[in-house]
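For reference, the structure discussed in these notes is given below.
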Amino acid sequence: MKALKILTIIFAIALIGAGGFYIYFTRFSTRVLINPIEYTTFKRAVPQSPDLCSRTDAIEFYYYDSSDKGVRSNNKFGLYIYPDSEQFVKLADELVNSNGGDWGYVLIPYNLQDTDEEKWQRLFFLLHKKHLIPVVQLWNINPDEVESDTKKAAKFLNQFLWPVKQKYISAYNEPNDANFWYNRVDPKEYAKILNKTIEIFKAQDNDFFVMNGALNLTAPNASGYMDAFDYMKKMDEEVPGIFDKLDGFASHSYPQPDFSGSPTDTGRASIRGYEVELAFLKDTLQVTKELPVFITETGWAHAEGKKYNSNYMLGSKTAQNIKAAYEKVWLSDPKVQAVMPFTIWYESPADHFAWVDQNGSPYEQFQVVKAMKKVAGNPERLNLASVSALGCDKR
């Protein structure tokens with residue numbers, strides 16, 4: 001009887017411990033639990049090639065294909081997340097791939113000085129498992145080491161198995177705002193860096209899909225800032241035809257003023273700011289390419305946060321504005337390929353843009369967008385398979 005009591009106590013402690021472990025991993029850990037066998041297979045897969053059958057052992061390989069050839073569909077819903085918490089991947093999947101959706105988008109910033117292969121390997125594995133298309137936004141290049149930094153970044157990012165064939169890259173962030181570009185505004189310097197980024201990434205793999213760094217559309221011509229259209233014009237003067245070299249166009253189409261404008265507003269200070277940018281490229285800079293638009297930041301600020309801010313609208317109103325923006329503007333516009341609002345979560349005071357609070361609990365806009373009807377995207381996605389030494393059969 002005494003032994004039975006001891007076993008019961010041990011079992012109870014084990015249950016409590018397991019419960020605590022589960023709560024930790026589902027709420028507070030930066031990592032999520034993954035299947036180690038699947039992850040190992042993912043890491044050791046090699047490209048599909050004719051000489052696979054010459055191997056004498058079983059080998060895992062990968063290839064890219066769509067599940068329904070000839071039919072292209074695109075799930076435009078997305079979210080701005082970060083690479084340092086795998087929980088963000090899980091939350092993004094819950095949001096953008098809900099209610100019929102599949103293969104939504106995530107914007108992920110990449111620090112060019114980050115060489116943590118295991119972190120990024122796990123991240124790309126999770127993106128593959130969750131059917132999320134990454135748009136990787138470069139940041140923190142050393143302006144004195146542009147060529148070497150860019151080559152290292154292209155090589156680093158190209159070593160991973162991307163969940164879809166096209167590897168989307170956005171070259172930095174709001175360079176017409178000195179706060180985001182080494183405390184200076186230098187369109188000539190940025191144009192040359194963008195040009196070099198395109199050349200180096202394309203040389204590494206032509207599947208890299210390179211777009212500009214989105215500009216601050218409401219920046220004035222003042223100390224530390226330059227008007228976005230003046231900035232683009234000076235870029236084109238420094239590197240003629242630079243915008244025709246892009247594969248897509250990144251835009252920060254925010255509802256101004258004060259991130260509180262109406263979803264029905266038009267013009268450069270609205271959620272349709274990208275329309276003005278495209279018109280400028282075509283009419284003023286004579287860009288001939290039809291560039292698909294990736295809205296890599298947008299969104300309304302809500303009053304709720306670590307500290308309540310009454311200058312912003314209530315979360316319920318923010319949620320309705322986001323819903324209206326999708327339904328009345330972005331989803332129906334064929335020029336828009338993806339919309340990735342800022343941000344899954346951020347420290348105060350930027351938490352007024354967050355889609356979840358510091359405990360991971362969704363704000364109202366998360367729930368409203370999650371409930372919206374979506375489509376299942378059909379990109380050329382990563383497939384894993386294997387061949388055996390016996391007849392080289394695919395299985």
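The values are calculated or read from the model by the stated rules, or taken from the named source; none is laboratory data. These figures come from a predicted structure and were not determined experimentally. Backbone-built Cβ (ideal geometry, glycine too); neighbour counts: all protein chains shown.
One table, with the values for the structure above:
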{"quantity": "Selection status of residue 326, modelled with pLDDT of 95 or more, in a helix (DSSP H, G or I) and aromatic (Phe, Trp, Tyr)", "calculated": "yes"}
{"quantity": "Some residue of region 275-282 being among the small types (Gly, Ala, Ser), closer than 22 Å to residue 220 by Cβ and at pLDDT 95 or above", "calculated": "yes"}
{"quantity": "Selected residue (only one of 107, 157 is in contact with a Phe, Trp or Tyr (Cβ under 6 Å, 6 or more places away or on another chain), at pLDDT 95 or above and closer than 24 Å to residue 75 by Cβ)", "calculated": "107"}
{"quantity": "Condition broken by residue 215, with the remaining ones in (1) surrounded by 15 or more Cβ atoms within 10 Å (Cβ to Cβ); (2) part of a helix (DSSP H, G or I) satisfied", "calculated": "(2)"}
{"quantity": "Residue in region 337-384 that is nearest to residue 83 (Cα to Cα), counting only those that are small (Gly, Ala, Ser) and surrounded by 18 or more Cβ atoms within 10 Å (Cβ to Cβ)", "calculated": "354"}
{"quantity": "Residue 385 part of a loop (DSSP other than H, G, I, E, B), modelled with pLDDT under 95 and not aromatic (Phe, Trp, Tyr)", "calculated": "no"}
{"quantity": "Condition check for residue 296: in the same structural domain as residue 91 (by TED's automatic domain parsing), assigned to a loop (DSSP other than H, G, I, E, B) and touching a residue at least 12 places away in the same chain (Cβ under 8 Å)", "calculated": "no"}
{"quantity": "Options 144, 149; residue that is without any contact (Cβ under 8 Å) to a residue 24 or more places away in the chain, assigned by TED's automatic domain parsing to the domain that holds residue 174 and over 18 Å from residue 36 (Cβ atoms)", "calculated": "144"}
{"quantity": "Pairs, first assigned by TED's automatic domain parsing to the domain that holds residue 311 in region 329-354, second exposed (fewer than 13 other Cβ atoms within 10 Å of the Cβ) and at pLDDT below 95, C-beta under 6 Å, six or more apart", "calculated": "none"}
{"quantity": "Positions within region 181-212 being in a loop (DSSP other than H, G, I, E, B) and either surrounded by fewer than 20 Cβ atoms within 10 Å (Cβ to Cβ) or not assigned by TED's automatic domain parsing to the domain that holds residue 259 (or both), in sequence order", "calculated": "182, 183, 184, 186, 205, 206, 207"}
{"quantity": "Failed item in (1) of a type in the set (A, V, I, L, M); (2) within 21 Å of the chain's Cα centre (by Cα); (3) more than 21 Å from residue 185 (Cβ to Cβ), with residue 287 passing the rest", "calculated": "(2)"}
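Listed here are the residues, each with its yes/no results for (1) surrounded by fewer than 17 Cβ atoms within 10 Å (Cβ to Cβ); (2) small (Gly, Ala, Ser); (3) out of contact with any helix residue (DSSP H, G or I) (no Cβ under 6 Å at 6 or more places or on another chain); (4) at positive phi.
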| residue | (1), (2), (3), (4) |
| --- | --- |
| 77 | no, no, no, no |
| 80 | no, no, yes, no |
| 115 | yes, no, yes, no |
| 151 | yes, no, no, no |
| 157 | no, no, yes, no |
